[in-house]
Amino acid sequence: MPRPRKCRRIEGCPKASFFKPQGIPLRELTEVYLTMDGFEALRLADYEGLSMEEGAERMHVSRHTFGRIFGDARRVVAKALVEGLALHIAHDAKMPCFQLYPDRVAARNKEFSMTKIAITSEGPNMTDRVDPRFGRAAGFVVVDLETMESTYIDNGGSQTLSHGAGIQAAENIINAGASVLLTGSVGPKAFTALKGGGVKIGHNMSGGTVADAVEAFKAGKVEFTDSPNR
């Protein structure tokens, strides 16, 4: 019987979970996967400049294990760069748990304010109806609940894609700084991208206006999902 994998300590999630060569549609690319512990090892060693011993201590693993994770992660990134592949930072289902440092979580929540939410919309106004689609929604209304100011993100470009519309839409939501999405349904790849960006997903929101969806969220009546629902 194999030895259970030791819990690795991950201090946060990447701001984006997909990277690809410019000008090549995602549907034409092969994906390679970087696990979250691999991302963490790269962040600690290459971004923060920690030694193998310091990185291992931060992740609560042995130096040997940290070195192996770090080496595997570098090879994945190198393969994506050399061969022009799409890089997907994805949660490893075999990893039993993630543990987040509370101070880093607080800092991330400050950057991605829970007061900023995005709603799939058929138009740019609060009175427009919620679009039940996500990847091929007409656009997204992003609302700051503290000021009730709203901005609109047109999603017309994603509607022309044969594949990867949900991933592109997820990147738009993450880049807008929203930490909550209200929509009808979300597919598997878009769900993974959104969760990787720290976005909570409220679903089954079709049937009313954007303003109705905002009021439902403020009243605590939104149903959040932990899995794709399309």
Residue in segment 29-42 that is nearest to I167 (Cα to Cα), counting only those that are in a helix (DSSP H, G or I) and open to solvent by 20 Å² or more (accessible area, probe 1.4 Å):
F39
Those residues that are within 22 Å of I167 (Cβ to Cβ) and open to solvent by less than 30 Å² (accessible area, probe 1.4 Å), I need them from segment 43-83; list them, please.
A73, A80
Residues in segment 59-86 that are charged (D, E, K, R) and in contact (Cβ under 8 Å) with a residue 60 or more places away in the chain: how many?
0
Being hydrophobic (A, V, I, L, M, F, W, C) and either within 15 Å of D154 (Cα to Cα) or in a helix (DSSP H, G or I) (or both) is the filter here; which residues of segment 179-189 pass it?
none
Tally the residues that are touching a residue at least 40 places away in the same chain (Cβ under 8 Å) and farther than 16 Å from V77 by Cβ, restricting the search to segment 22-58.
5
Can you pull out every residue in segment 196-230 that is in a strand (DSSP E or B) and surrounded by 15 or more Cβ atoms within 10 Å (Cβ to Cβ)?
K200, I201, G202, H203, T209
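The values are calculated or read from the model by the stated rules, or taken from the named source; none is laboratory data. What you are looking at is a predicted structure, and each value in this text was computed from that prediction instead of being measured. In this analysis, Cβ positions are derived from the backbone assuming ideal geometry, glycine residues included, and neighbour counts consider all displayed protein chains. What goes into the accessible areas is simple: the full protein's heavy atoms, side chains included, and nothing from ligands, DNA or RNA. Shrake-Rupley method; radii C 1.70, N 1.55, O 1.52, S 1.80 Å.
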